[in-house]
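The block underneath contains the structure these notes are about, expressed in structure tokens.
The values are calculated or read from the model by the stated rules, or taken from the named source; none is laboratory data. Everything quoted here is computed from the prediction, not taken from an experiment. Because the Cβ atoms are built from the backbone with ideal geometry, glycine has one as well, and the counts that use them run over all protein chains shown.
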């Protein structure tokens, strides 16, 4: 996997990262450290003009959410986890999540894993 990412730039609430394959726009929570991000929406614009989306979430954050739901009774008492456009990753941080997206692009799997947005 190539490591062709450049540091991102802030654009209002969006943190944008450019790579040789795409531009990714992450929407972290206000004040959240970029390398602590463990649950974030991302929009990916490919070079061909197509747009894709995902909610990237760490395995650890899924566990935290399911434990909370076990207490609250949501999702059958935390017995399952589901989110639209969900992509579970092992490691937190925008740089780690970008590396996953680059790997998916390089393997040709990005368009199978992310959700295509209508024009």
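Within segment 1-8, is there a residue that is farther than 17 Å from residue 116 by Cβ, touching a helix residue (DSSP H, G or I) at 6+ places or on another chain (Cβ under 6 Å), in contact (Cβ under 8 Å) with a residue 60 or more places away in the chain and surrounded by fewer than 15 Cβ atoms within 10 Å (Cβ to Cβ)? Yes: segment 1-8 contains one or more residues that are farther than 17 Å from residue 116 by Cβ, touching a helix residue (DSSP H, G or I) at 6+ places or on another chain (Cβ under 6 Å), in contact (Cβ under 8 Å) with a residue 60 or more places away in the chain and surrounded by fewer than 15 Cβ atoms within 10 Å (Cβ to Cβ). Being touching a residue at least 40 places away in the same chain (Cβ under 8 Å) and either under 21 Å from residue 111 (Cβ atoms) or touching a strand residue (DSSP E or B) at 6+ places or on another chain (Cβ under 7 Å) (or both) is true of residue 19. Pick from segment 15-38 the residues that are surrounded by fewer than 18 Cβ atoms within 10 Å (Cβ to Cβ) and assigned to a strand (DSSP E or B): which of them is farthest from the chain's Cα centre (by Cα)? This residue is 18.
Picking from residues in segment 89-99 that are in contact with a helix residue (DSSP H, G or I) (Cβ under 9 Å, 6 or more places away or on another chain) and surrounded by 15 or more Cβ atoms within 10 Å (Cβ to Cβ), the one that is farthest from residue 57 (Cα to Cα) is 95.
When segment 67-88 is filtered for residues that are farther than 14 Å from residue 40 by Cα and surrounded by 17 or more Cβ atoms within 10 Å (Cβ to Cβ), the ones remaining, listed by number, are 69, 78.
What do you reckon, is residue 77 outside any strand (DSSP E or B) and either closer than 27 Å to residue 12 by Cβ or out of contact with any helix residue (DSSP H, G or I) (no Cβ under 7 Å at 6 or more places or on another chain) (or both)? Walk me through how you get there before you give the answer.
Details: outside any strand (DSSP E or B): yes; either closer than 27 Å to residue 12 by Cβ or out of contact with any helix residue (DSSP H, G or I) (no Cβ under 7 Å at 6 or more places or on another chain) (or both): no.
In short, no.
Output yes when any residue across segment 48-56 is more than 12 Å from the chain's Cα centre (by Cα), assigned to a helix (DSSP H, G or I) and surrounded by fewer than 16 Cβ atoms within 10 Å (Cβ to Cβ), and no when none is. Among the residues of segment 48-56, not one is more than 12 Å from the chain's Cα centre (by Cα), assigned to a helix (DSSP H, G or I) and surrounded by fewer than 16 Cβ atoms within 10 Å (Cβ to Cβ), which makes the answer no. Residues in segment 1-14 that are touching a strand residue (DSSP E or B) at 6+ places or on another chain (Cβ under 7 Å) and either part of a loop (DSSP other than H, G, I, E, B) or modelled with pLDDT under 90 (or both): 5, 6, 8, 13.
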